[in-house]
Amino acid sequence: MAGKDRKKELARQRYERQQQRQAQEAAKARRLKIISSAAAVAVIAVGGAVFVVVSRDDESTAAGPKCDYKSAQAASKDVGKPPAKPAYTGTVQATVKTNQGDVEMQLYGAKAPCAVNSFAHLAQKNYFDKTPCHRLTSGGLNVLQCGDPTGKGTGGPGYEFANENTKGATYTEGTLAMANGGPDTNGSQFFLVYKDSQLQPDYTVFGKITKGLDVLKKVASDGSDPKGDGKPKKKVEIQDVAIAGK
């Protein structure tokens, strides 16, 4: 084999080994992600392969009287599952108290009862207490992501549930939504939109921020490491999540 051809062959083999290694790592660590895209579909590249995720009509449990919380990976902090019957059918007031300031929210108990039911359950069981907001993004996607006690972006409550309130969803400034690892894999991680963001309607919208956007924007102004998508440079720790009347 000529020297030039031999170099090409070695380069090809190295590339294939690299792609295989990346695929194995991706399979080993299931990281909850929010994918930013202005296109009609979100294209996710994993280990050299390209998967097209097409948004679909939401088959939410919102219309039913019960929520199905299915067992998932081991809980980062085990506080049990929420009750199957949603506790709220209307709007609910919640306050996320952080070391940077409070963020007040209105939760959509009617539009996303299972997400609100789960969020309230975790809050009342102190699941979110002393946990970091592990991810800050900027650019087309402008969110602060929280809800993982491990702070790594891989943790969850030990259960998952279906999407709700996604049909025609937009992620404008002040939106509160669930992060997920694919359709119907909601757990404990959620994101707060501090500036209009470009996202496909694949993430359950379960509330809106009514006060405290200035807190989020102050955190965002300091940026992240790595820049654009990473850990907030200004540390954000949730101290407590209070649900009105509970």
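Observations on the structure shown:
- Extension gain (nm, one decimal) between Thr170 and Asp78, 0.36 nm per residue minus Cα-Cα: 29.9 nm
- Portion, in percent, of the accessible area of the stretch 112-246 that falls on carbon or sulfur, probe 1.4 Å: 46
- Point-to-point label distance, Lys125-Thr154, nm (Cα→Cβ direction, 7 Å offset): 2.2
- Net lengthening on full extension, Ala110/Asp68 (0.36 nm per residue, minus Cα-Cα): 13.5 nm
- Taking all protein chains into account, the per residue accessible area for the stretch 83-128 stands at 39 Å² (1.4 Å probe).
- Translational diffusion of the stretch 122-246 was estimated from the Stokes-Einstein equation, with Rh taken as the Kirkwood radius over Cα pairs; at 25 °C and 0.890 mPa s the coefficient is 167 µm²/s.
The values are calculated or read from the model by the stated rules, or taken from the named source; none is laboratory data. On a predicted model such as this, the values are computed, not experimentally measured, just so you know. Here Cβ is always computed from backbone atoms with ideal geometry, including for glycine, and neighbour counts include all displayed protein chains. We work out accessible area using only protein heavy atoms, side chains counted, and drop any ligands, DNA or RNA first. Shrake-Rupley method; radii C 1.70, N 1.55, O 1.52, S 1.80 Å.
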